[in-house]
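Bear in mind that the values in this text are calculations on the coordinates, not laboratory data. This is a predicted model, so every value here is computed, not measured. Using ideal geometry, Cβ is built from the backbone for each residue, glycine included, and neighbour counts are taken over all protein chains shown.
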Amino acid sequence: MLFLASSDLTDEDVKAFASIIDRRHGPAKVIPVKGNPRSLIVKTTNAIAPLLRGEGAGFRLGDKSLVSVLTSGAIGNLKRRATRAAPNGEIPQR
């Protein structure tokens, strides 16, 4: 799953987000996307993905918010979409 933050994420933000996911849903791999400091990929199971999408308005990390913008079974597809983001961090829709 590709998540987009309202502003650039720090290493501490990534760790905090991974901790939130772990506490709520169990272990998942959180991958920062090179080329887009506002994007994170969460590698999880098919059973957990709908729960993450269903988190309503998303997640809060201090003054930053993260929302799920795309789900794909292939990490490469998610990375490609995240690095094609506009300068304001938005992911272009097809």
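What does the convex hull of the alpha-carbon atoms of region 18-75 project to on average, in nm²? The partial results should precede the final answer.
Numbers: hull surface 16.6 nm².
Orientation-averaged projected area of the Cα hull: 4.2 nm².
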Can you give me the distance in nm between label points at Ala74 and Asp22, each placed 7 Å from the Cα along the Cα-to-Cβ direction? 3.1 nm
